[in-house]
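Structure first, then comments.
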Amino acid sequence: MLLQITTTHKPATDLGYLLHKHPDKFQSIDLSIGKGHIFYPESSENKTTVAILLDIDPIDMVRGRNRSNNFSLGQYVNDRPYVASSFMSVALSKAFSTAMNGKCSNKPDLVEVKMPFEVNLSVLPAPKGGENLIRRLFEPLGYYVEVERHILDEKFKDWGESKYYTVKLSNTITTQELLQHLYVLIPALDNDKHYYVSQNEIEKLLEKGKGWLSSHPEMEEITRRYLINLGSLSRQAISRLNEEEGIEEEGTISQEEKERKETLHQKRLKLVLEQIKKSGAESVIDLGCGEGKLIRMLLKEKQFKRITGTDVSYNELTKAKDRLHWDEMAPRQKERISLFQGALTYKDKRLEGYDAAAIVEVIEHLDENRLKSFERVVFEFAKPKTVVLTTPNGEYNVLYENMEENAMRHTDHRFEWTRKQFEKWANKVAINNNYKVEFLPVGEEDSKLGAPSQMAIFTYGN
Ligand code: SAH
């Protein structure tokens with residue numbers, strides 16, 4: 001795997017000072033598995049290129065003490081030696097640590113200088129996102145991006161395209177910025193790590209992302225992918241980045257929007273609670289309960305004798321338990337609650353026998369082709385007397401100033417329906433399963449576009 005960084009800054013040889021690596025010397029650094037070689041294929045006043053060549057030993061990776069448990073990495077034949085990945089980030093931070101920290105003892109003034117850079121990444125994997133994702137990650141930082149996708153095998157063209165790309169990036173920025181962007185975005189695109197990812201990884205991300213990640217439009221996606229989709233770590237990192245953004249840009253739209261969203265969710269949960277209370281329910285199940293905000297509200301109401309939360313994410317449930325102070329909870333309170341892990345797309349006896357079910361901002365996380373299973377699981381088998389369900393109203397999105405056209409509010413959303421689409425779906429569900437349905441807006445209504453979120457209240461029987 002080869003990464004080349006070229007500058008045409010005058011004099012271009014400044015790059016050698018900045019990177020603390022002499023252009024005439026060939027240097028190697030030890031990586032946990034293999035080596036990184038640093039050399040300058042070209043060095044003149046007009047143009048200087050530094051190259052990092054990774055020499056990863058896949059056999060060492062399988063046999064050595066740094067063995068990875070990850071299935072795809074744990075094979076003798078794998079892509080790791082040939083692609084840009086977390087190995088490249090480690091190599092960059094080891095080889096150019098001074099520059100990455102924004103220091104240059106010989107020529108300190110250079111640190112602040114924005115230089116024209118061109119970066120060539122010979123092979124960059126970008127699973128689940130491809131060229132579009134590469135652009136979404138680099139372009140907001142000012143990069144001009146050229147991408148070439150590779151097919152799986154030249155000899156077998158019908159095997160189709162691969163997840164591998166050759167990428168050329170151009171930008172005029174400081175050396176520190178450039179290295180930090182590469183350090184974070186390469187493994188985020190690769191969406192894999194060659195080492196065990198723990199809390200420590202959040203600190204690395206925040207350190208290298210300082211000053212640019214919190215305001216990046218794809219901050220959440222970058223964070224999630226960098227932390228290999230580990231829910232609890234990603235959430236912690238995202239909330240710390242949001243805080244950072246809040247402090248740096250107090251009073252800006254994004255802060256306002258955040259608060260607006262916050263209160264919208266509060267409003268939504270209050271309305272859900274109100275509807276469930278009105279139904280006269282004594283037992284409630286919160287389907288896709290997340291961190292248990294609604295459960296905490298239900299618990300305060302004596303009307304509810306039995307409260308259950310379920311979610312597909314174990315991390316969310318752990319968080320819910322923490323937030324409920326489960327371990328210190330009085331036994332009588334504890335008896336009223338149960339939490340369990342489960343998916344709403346598989347028939348499950350544990351979902352049966354409740355007066356009411358809440359399904360708050362969950363359906364948009366399901367693939368549309370799973371909605372039929374969801375419908376059957378909830379409305380045909382679990383069959384609560386009342387179902388209170390909410391989902392975003394996609395029409396309203398144009399009013400969010402920070403949102404790009406046709407984007408969704410959350411990267412995990414599979415769809416955000418218009419009011420018509422939602423009503424059509426909900427009416428059909430009601431007819432199929434012998435429910436009546438009513439609709440309510442959630443949040444402040446715009447005269448044309450409706451409210452930010454929408455609610456359907458299903459009641460069993462006629
Ligand atoms: N209802 C909560 C959380 C909404 S976020 C609230 O309003 O605060 C959506 C939640 O749905 C997440 O916690 C996610 O883990 C859960 N979820 C997504 N797909 C699911 C599925 N198939 N089965 C159960 N839960 C699911």
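Quick note: the coordinates plus some simple rules give every number you see, no bench work behind them. Predicted model only: the values in this text are computed from it and were never measured. For neighbour counting, all protein chains shown are included, and Cβ atoms are generated from backbone atoms with ideal geometry for every residue, glycine included.
Note down the net charge around M100, summing +1 for each Lys or Arg and -1 for each Asp or Glu among other residues with Cβ under 12 Å from its Cβ. If you can, show how the numbers build up before the last one.
Details: positive: K94, K103, K204, K208, K210; negative: E177, E207.
Once positives and negatives cancel, what remains is +3.
Inverting the mean 1/r over all pairs of different Cα atoms, compute the Kirkwood radius of the range 272-333 and quote it in Å.
Working: mean 1/r = 0.0833 Å⁻¹.
The Cα-based Kirkwood calculation yields 12.0 Å.
Got a sec? How would T310, T13 order by Cβ neighbour count within 10 Å, fewest to most?
On the way: T310 21, T13 17.
Fewest-to-most ranking of T310, T13: T13, T310.
Take E118, E45, E405 and order them by how many other Cβ atoms sit within 10 Å, fewest up front.
Working: E118 17, E45 11, E405 6.
The most exposed by this proxy come first: E405, E45, E118.
When you have a sec, figure out the Kirkwood radius of the range 262-460 from all distinct Cα pair distances and drop it here in Å to one decimal? Provide the component values of the computation, followed by the final result.
On the way: mean 1/r = 0.0582 Å⁻¹.
With all distinct Cα pairs of the range 262-460 included, I get 17.2 Å.
Work out from phi, with θ = phi - 60° and the Karplus expression 6.51 cos²θ - 1.76 cosθ + 1.60, the ³J(HN,Hα) of each residue of the range 357-372, listed in order in whole Hz, and give x for Gly and Pro.
10, 10, 9, 9, 6, 10, 4, 5, 8, 9, 5, 4, 6, 9, 5, 5
Positive end of the dipole of the chain, charges at C-beta (+1 Lys, Arg; -1 Asp, Glu), about the Cα centre: which of F39, T345, T175 has its Cα farthest in that direction?
T345
Stretch T172-K277 to full length: gain in nm at 0.36 nm per residue minus the Cα-Cα span?
Values: separation 105, 0.36 × 105 = 37.80 nm, distance 5.88 nm.
Result for the pair: 31.9 nm of gain on full extension.
Output wanted: per-residue J couplings in Hz (rounded whole) for the range 264-276, from phi through Karplus 6.51 cos²θ - 1.76 cosθ + 1.60, θ = phi - 60°, x for Gly and Pro.
Going residue by residue, I get 4, 5, 4, 4, 4, 5, 4, 5, 4, 4, 4, 5, 5 Hz, with x marking Gly and Pro.
List C104, C289 from most exposed to least, where exposure is judged by having the fewest other Cβ atoms within 10 Å.
Numbers: C104 21, C289 25.
Fewest to most other Cβ atoms nearby, the residues stand as C104, C289.
How large is log10 of I(q)/I(0) for the range 2-196 at q = 0.09, 0.12, 0.16, 0.18 Å⁻¹ when the intensity is taken from the Debye formula with one equal scatterer per alpha-carbon?
-0.34, -0.61, -1.04, -1.26
Short version: ³J(HN,Hα) in whole Hz for each residue of the range 216-223, in order, from phi by Karplus 6.51 cos²θ - 1.76 cosθ + 1.60 (θ = phi - 60°), x for Gly and Pro, what are they?
Here the 3J(HN,Hα) series is 6, x, 9, 3, 5, 5, 4, 4 Hz.
Using modelled amide H (1.01 Å from N, peptide plane; none on Pro or chain starts), what sits under 5 Å from the amide H of S162, excluding residues fewer than 5 places away?
Those qualifying (amide H under 5 Å, at least 5 residues apart or on another chain) are H150, I151, L152.
Just need the relative contact order of the chain here, percent rounded to a whole number, with Cα pairs under 8 Å and 6+ apart.
Values: 826 pairs, mean separation 43.3, N = 462.
For the chain, the relative contact order is 9 percent.
If I take the Cα coordinates of the range 317-427 and project them onto the principal axes, what are the three extents in Å, biggest first?
Rounded to whole Å, the extents work out to 50, 33, 20 Å.
Sum -39500 (n - 2.57) across every DSSP H segment of at least 4 residues in the chain, then divide by the residue count to get the 222 nm mean residue ellipticity, nearest 500. Walk me through the intermediate numbers first.
Values: 15 runs with 155 residues, N = 462.
Calculated mean residue ellipticity at 222 nm is -10000 deg cm²/dmol.
Given +1 on the Cβ of Lys and Arg, -1 on the Cβ of Asp and Glu, and no further charges, what dipole in debye does the chain carry about its Cα centre, rounded to the nearest 20? Write down the numbers at each step before the final one.
Working: 65 positive and 70 negative charges, 364 e Å.
Computed about the Cα centre, the dipole is about 1740 debye.
Per residue and in cubic angstrom, what volume does the convex hull of the Cα atoms of the chain have?
187
Counting only residues 5 or more places away or on other chains, whose amide H sits under 5 Å from the amide H of E361 once H atoms are built in the peptide plane?
T390, T391
Roughly speaking, what is the centre-to-centre gap between the range 171-234 and the range 338-373 when only Cα atoms are used, to the nearest Å?
33
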